[in-house]
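Notes follow the structure.
The values are calculated or read from the model by the stated rules, or taken from the named source; none is laboratory data. Bear in mind that the values here come from a model prediction, so they are computed numbers and not experimental data. When we count neighbours, we look across all protein chains shown, and the Cβ atoms used for this are built from the backbone with ideal geometry, even at glycine. Note: areas computed on protein heavy atoms with side chains; ligands, DNA, RNA excluded. Shrake-Rupley method; radii C 1.70, N 1.55, O 1.52, S 1.80 Å.
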Amino acid sequence: IRPGANPPGILAAGYEKKNKIHIGHFGSLASDRSLSVFLNALSGIVQQYPNIEGKMAVDVYGTVLDKQSKIAVKKYNLESVVREHGRLEYDAVSGKSGRQQVFEKMHQCDVLLLLHGESGNSDEYIPSKIYEYLLTQRPIVAIASKKSELGIMLERLGHSVLEPEDNREIKDRVIDIIKKWESDKLTSMGTSDYFTVETAVEKLMRISEACL
């Protein structure tokens, strides 16, 4: 039973298209959860469509790039595309917590990127930020096993799940997303009440009643 997450007590501004497509990654990066897989596919897109580089931004929040990602940025000359924003802490001026600011930034992205990781238990691991991703209603691109619980969950909700070793699939899906963005067809995903505290409680009550 996955209870999801409640909104962080703030009414985030609605999504607005900007002059670049913003692909946002939130949370930690590591050697077994590296942005380099995505950047490798991105470099192929830039080579195929050179003009696309100036229309794209990969915004990294909450961390610094891992070693492999730093190497990939230099190797593929993506310094103008990848932007490190670091952790968002409490803002005394607005009174917003780091989590509230992160939630706002998620809403402002065109696409949210999720890296599932390559550790031994990753198929059973559900990152907590996925529930906040879902609350924003923005399209999610997850680089994860389609057979994992996370992969099944996201595909069921209409989001993109791409196998980490399938560079061609990642490239084709990102190109498709960029084309949709350019033609104003990259729409919100709608809401889902499948992962809420209320749904979890109702399910527990049904199980309890069945046991009694």
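Among the conditions (1) under 24 Å from residue 131 (Cβ atoms); (2) in contact with a Phe, Trp or Tyr (Cβ under 6 Å, 6 or more places away or on another chain), residue 43 misses just one, which is (1).
Here residue 155 meets the list (1) without any contact (Cβ under 8 Å) to a residue 12 or more places away in the chain; (2) within 18 Å of residue 7 (Cα to Cα) almost entirely, failing just condition (2).
Pick out the one residue from 2, 33 that is surrounded by 12 or more Cβ atoms within 10 Å (Cβ to Cβ) and either touching a His at 6+ places or on another chain (Cβ under 9 Å) or over 22 Å from residue 137 (Cα atoms) (or both).
Details: 2 fails: either touching a His at 6+ places or on another chain (Cβ under 9 Å) or over 22 Å from residue 137 (Cα atoms) (or both).
When all the criteria are applied, what remains is 33.
Within the set 160, 188, 192, the sole residue that is at pLDDT 95 or above, under 20 Å from residue 24 (Cβ atoms) and polar (S, T, N, Q) turns out to be 160. Does segment 171-188 include one or more residues that are farther than 27 Å from residue 105 by Cβ, touching a residue at least 24 places away in the same chain (Cβ under 8 Å) and open to solvent by 40 Å² or more (accessible area, probe 1.4 Å)? Scanning segment 171-188 turns up no residue that is farther than 27 Å from residue 105 by Cβ, touching a residue at least 24 places away in the same chain (Cβ under 8 Å) and open to solvent by 40 Å² or more (accessible area, probe 1.4 Å). Filtered by the rule that a residue be over 19 Å from residue 16 (Cβ atoms) and surrounded by 12 or more Cβ atoms within 10 Å (Cβ to Cβ), segment 73-95 gives 73, 75, 76, 78, 81, 82, 84, 88, 90, 91. Against the numbered list (1) open to solvent by 60 Å² or more (accessible area, probe 1.4 Å); (2) modelled with pLDDT under 90, residue 14 comes up short only at (1). A residue that is surrounded by fewer than 20 Cβ atoms within 10 Å (Cβ to Cβ), small (Gly, Ala, Ser), farther than 14 Å from residue 178 by Cα and modelled with pLDDT under 90 occurs nowhere in segment 46-62.
The condition of being among the aliphatic types (A, V, I, L, M) and in contact with a Pro (Cβ under 8 Å, 6 or more places away or on another chain) holds for only one of 134, 114, 162, 204, that being 114.
Restricting attention to segment 114-148, and to residues there that are assigned to a helix (DSSP H, G or I) and more than 14 Å from residue 4 (Cβ to Cβ), which single residue is most open to solvent (accessible area, probe 1.4 Å)? Please lay out each step first, then the result.
Let us first name the residues in segment 114-148 that are assigned to a helix (DSSP H, G or I), namely 122-124, 129-136.
Now drop any that are not more than 14 Å from residue 4 (Cβ to Cβ), which leaves 122-124.
Working: 122: 12, 123: 83, 124: 143 Å².
Filtering first and then ranking leaves 124.
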